[in-house]
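The values are calculated or read from the model by the stated rules, or taken from the named source; none is laboratory data. Computed from a prediction, not measured in an experiment: that's the story for all the values here. FYI the Cβ positions are ideal-geometry reconstructions off the backbone, even for glycines, and counts take in every protein chain you see. Just the protein is used for accessible areas: all its heavy atoms, side chains included, with ligands, DNA and RNA removed. Shrake-Rupley method; radii C 1.70, N 1.55, O 1.52, S 1.80 Å.
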Amino acid sequence: MSPQTRKPSAPDPRSGADDALILAPLRGYSGHLFRRLFMRHFGGFDRALAPFIPTVGSRRIPARLLVDLRPENNRHLPVEPQLLGTDPDDFLRMAASLADLGYTRVNWNLGCPFPMVAKKGRGSGMLPHPDRIEAFLASVLPRLPMGLSIKLRLGRREPSEIGHLIPILNRYPLREITLHPRTGVQMYAGTTDLNAFGTCLAAITHPVTYNGDITTPEDVKRLRVRFPAVRSWMIGRGALADPFLPARIKGQPISGDPVAVLRTFHDDLLAAYGRELSGPGHLLDRMKAYWTYFLTGVANGRKVAKQIHRCRSLDRYHRITDAFFDAAAAVNHGAGGNVPAAGGAEPF
Ligand SMILES: Cc1cc2nc3c(=O)[nH]c(=O)nc-3n(C[C@H](O)[C@H](O)[C@H](O)COP(=O)(O)O)c2cc1C
């Protein structure tokens, strides 16, 4: 269809208005409490991939492994479960429990870079072994009571490893491939390899989701132009650093004062974990972890992060975070209540 004959109301295929934004799995961060509160205060995501659950060898699956995925904990954002494991029968047993909870899709983690995981041949540790991946898919897929998607990296050690894998992946009916264009040994540092992503995108016949280092709306705009075939974008650390990012990418208005929204989100998260975790030590550890990312790009971030990481009591934690939010609110009001959310030089 030529541009002249296209209906005026037809969406511009490059506007990205229909693109999906997916919350990345961030174990220890993006559990159901975070997902619910994130959507209540910031919105912007269309769906989430849950942090991985390790498959287990026992017949009885411990209930605590499935808490994050219980339907009553996931009313606010559609979520897809993720499993980490290599044994087809263990995987199928766990998938059956997820199907009982109503899930119609499950994701297989082939990207986890942590040496303790990879050394056991799990996560990215499986990427140098396309034969094992093929055997797993051949065994699991005919018996899986739901669709299968995969999240992976370019390789464990070499970005070329995925080249051997793509023809195998193309032979199986996968719902989606999410590709984070780093190797496992890179962990989460160093540059993403966008050339390699482009080569893979051209070779993969399944829908591909891009994941890696999206921290601004401009990043998505640039990536959309470079990879027009990609219609879904997964964001992890960028949304922890700037929780308004997904809504801004979508062009959704931020309602209310950003610092006040962040503070309420923080307070709600603290209260929710306070009810879930046993003891102030665990609560403090959990909240400290978030602040590592919350403060990315903040002017005095290092200083505040150090204070928070050194603090040993909840009282002190409250004093530090209250002072931080008070100062951020003062800066924000000084700027006419218009301080942009994170990524700039001002607090958040
Ligand atoms: C603390 C942390 C926990 C993660 N947990 C998982 C996980 O459970 N499953 C998974 O597939 N990826 C996991 N990842 C990887 C992220 O989903 C994502 O691929 C990575 O952070 C790159 O995306 P980003 O630059 O948008 O953060 C984790 C990453 C981090 C930093």
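Within the range 186-231, how many residues are surrounded by 15 or more Cβ atoms within 10 Å (Cβ to Cβ) and either touching a His at 6+ places or on another chain (Cβ under 8 Å) or within 27 Å of residue 81 (Cβ to Cβ) (or both)?
Summing the residues that are surrounded by 15 or more Cβ atoms within 10 Å (Cβ to Cβ) and either touching a His at 6+ places or on another chain (Cβ under 8 Å) or within 27 Å of residue 81 (Cβ to Cβ) (or both) in the range 186-231 gives 21.
Name the single residue that is nearest to the ligand (Cβ to nearest atom) among those in the range 225-250 being without any contact (Cβ under 8 Å) to a residue 40 or more places away in the chain and not hydrophobic (A, V, I, L, M, F, W, C).
So, considering only residues that are without any contact (Cβ under 8 Å) to a residue 40 or more places away in the chain and not hydrophobic (A, V, I, L, M, F, W, C), the one nearest to the ligand (Cβ to nearest atom) is 238.
So which residues in the range 245-265 are more than 18 Å from residue 216 (Cβ to Cβ), modelled with pLDDT of 95 or more and either out of contact with any His (no Cβ under 6 Å at 6 or more places or on another chain) or among the polar types (S, T, N, Q) (or both)?
Result: 264, single match.
Is it the case that the range 179-199 has a residue that's closer than 25 Å to residue 46 by Cα, of a type in the set (A, V, I, L, M) and within 16 Å of the ligand (Cβ to nearest atom)?
yes
Identify all residues within the range 62-74 that are touching a Lys or Arg at 6+ places or on another chain (Cβ under 8 Å) and surrounded by fewer than 18 Cβ atoms within 10 Å (Cβ to Cβ); write none if there are none.
Matches in the range 62-74: 73 only.
Please determine, by comparing only the residues of the range 16-26 that are part of a loop (DSSP other than H, G, I, E, B), more than 11 Å from the ligand (Cβ to nearest atom) and at negative phi, which one is modelled with the highest pLDDT.
19
Please list, ordered by first then second residue, the pairs with beta carbon atoms under 6 Å, 6 or more apart or interchain, first in the range 36-60 and under 27 Å from residue 231 (Cα atoms), second part of a strand (DSSP E or B) and away from the ligand (no atom under 12 Å from the Cβ).
Once the first residue is under 27 Å from residue 231 (Cα atoms) and sits in the range 36-60, its partners that are part of a strand (DSSP E or B) and away from the ligand (no atom under 12 Å from the Cβ) give 46/20; 48/79; 50/79.
Within the set of pairs 6+ apart or on separate chains, which have a first residue in the range 178-197 that is more than 17 Å from residue 236 (Cα to Cα) and at pLDDT below 95, a second that is among the β-branched types (Val, Ile, Thr) and in a loop (DSSP other than H, G, I, E, B), and C-beta atoms under 9 Å apart?
none
Looking at the structure I just gave you, is residue 216 out of contact with any Phe, Trp or Tyr (no Cβ under 8 Å at 6 or more places or on another chain), within 14 Å of the ligand (Cβ to nearest atom) and among the polar types (S, T, N, Q)?
Spelling it out, residue 216 is indeed out of contact with any Phe, Trp or Tyr (no Cβ under 8 Å at 6 or more places or on another chain), within 14 Å of the ligand (Cβ to nearest atom) and among the polar types (S, T, N, Q).
Of the conditions (1) open to solvent by 10 Å² or more (accessible area, probe 1.4 Å); (2) touching a residue at least 60 places away in the same chain (Cβ under 8 Å); (3) more than 16 Å from the ligand (Cβ to nearest atom), residue 275 satisfies every one except a single condition; which number is it?
(2)
Does the range 278-292 hold any residues that are open to solvent by 40 Å² or more (accessible area, probe 1.4 Å) and touching a residue at least 24 places away in the same chain (Cβ under 8 Å), and which are they?
Result: 280, 286.
Working carefully through the options 205, 209, 215, find the one that is among the hydroxyl-bearing types (Ser, Thr, Tyr) and touching a Ser or Thr at 6+ places or on another chain (Cβ under 7 Å).
209
Please enumerate the residues belonging to the range 27-56 that are more than 13 Å from the ligand (Cβ to nearest atom), assigned to a loop (DSSP other than H, G, I, E, B) and open to solvent by 30 Å² or more (accessible area, probe 1.4 Å).
Residues satisfying the conditions are 46, 56.
Since residue 85 meets every condition but one in (1) closer than 24 Å to residue 291 by Cβ; (2) more than 18 Å from the chain's Cα centre (by Cα); (3) of a type outside the set (D, E, K, R), which condition does it not meet?
(1)
Going by the structure shown, is residue 151 among the basic types (Lys, Arg), closer than 18 Å to residue 84 by Cβ and surrounded by fewer than 18 Cβ atoms within 10 Å (Cβ to Cβ)?
no
Would you point out the residue of the range 251-264, among those that are buried (at least 17 other Cβ atoms within 10 Å of the Cβ) and among the aliphatic types (A, V, I, L, M), that is nearest to the ligand (Cβ to nearest atom)?
The residue in question is 262.
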